[in-house]
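The values are calculated or read from the model by the stated rules, or taken from the named source; none is laboratory data. Remember, predicted model here, so these are calculated numbers, not experimental data. Positions of Cβ are backbone-derived with ideal geometry, glycine not excepted, and every protein chain shown enters the neighbour counts.
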Amino acid sequence: MRSGSSKIRKVVIAGVLGAVSAVLGATVGFTPVPTPAGAVTFMHIPAILGGIMEGPLVGAFVGLIFGIFSIISPAVPVKDPLVVVLPRLFIGITAWAVYVALRRINEVVALVVASVVGSLTNTVLVLGSAVLLIQAGLLAFPLTPAAALTIGIVQGLPEAAVAAIVVTAVLLAYKGIAGRRQRADL
């Protein structure tokens, strides 16, 4: 029965975080800024949460919701799926992998580092794929490698810091509540 309840939990968490991503995508998930990136985002946070909480498949699913909203958002200037959808599938996957690798060392460090890596996965893969496609002549967009690096620093690092704070706070609170519930059931 444990396996069945685990599958149900994954579906529920994926659904809830997918819904959070959809609400963010339809409201404040892409905040316009005057840079070639066009918007700063918080939408990587649910994908990171999904990956850490329930593994790579849930993280990738929530990242897919992020990517779909990137395609339809007027605040996101590039509409190529190789730039705005595919990279987002890896946010939760990388966050999960880092969390799993570090959680036995220290829970808080694992959450912080996994959040930063998940967020930077978004930044590096989106900007990197855009630059590669532009350099290959497959994407017409005014983004130089130097501008991409500047965006990565100016937007990507603050996004990573916000992700680390929010994800760590949410998951420590969640784990505290879940831990108390399990102890009460004993």
Worksheet item: Residue check, ILE105 against (1) in a helix (DSSP H, G or I); (2) surrounded by fewer than 18 Cβ atoms within 10 Å (Cβ to Cβ); (3) among the β-branched types (Val, Ile, Thr); (4) over 19 Å from the mean Cα position of the chain (by Cα), all met but one. Which one?
Response: (1)
Worksheet item: Quick one: what pairs do we get from region 84-102, first residue in contact (Cβ under 8 Å) with a residue 40 or more places away in the chain and in a helix (DSSP H, G or I), second of a type in the set (Asp, Glu) and surrounded by 19 or more Cβ atoms within 10 Å (Cβ to Cβ), C-beta under 7 Å, 6+ apart or different chains?
Response: none
Practice prompt. Please verify whether region 64-74 includes one or more residues that are surrounded by fewer than 22 Cβ atoms within 10 Å (Cβ to Cβ) and over 18 Å from the mean Cα position of the chain (by Cα).
Written response: yes
Response to the item:
Inside region 134-167, the number of residues satisfying the requirement of being surrounded by 13 or more Cβ atoms within 10 Å (Cβ to Cβ), among the β-branched types (Val, Ile, Thr), within 22 Å of PHE42 (Cα to Cα) and over 14 Å from the mean Cα position of the chain (by Cα) is 3
Discussion item. Quick check on region 137-145. Is at least one of its residues assigned to a helix (DSSP H, G or I) and touching a residue at least 24 places away in the same chain (Cβ under 8 Å)?
Written reply: no
Worksheet item: What single numbered condition from (1) surrounded by 13 or more Cβ atoms within 10 Å (Cβ to Cβ); (2) at pLDDT 90 or above fails to hold for LYS175?
Response: (2)
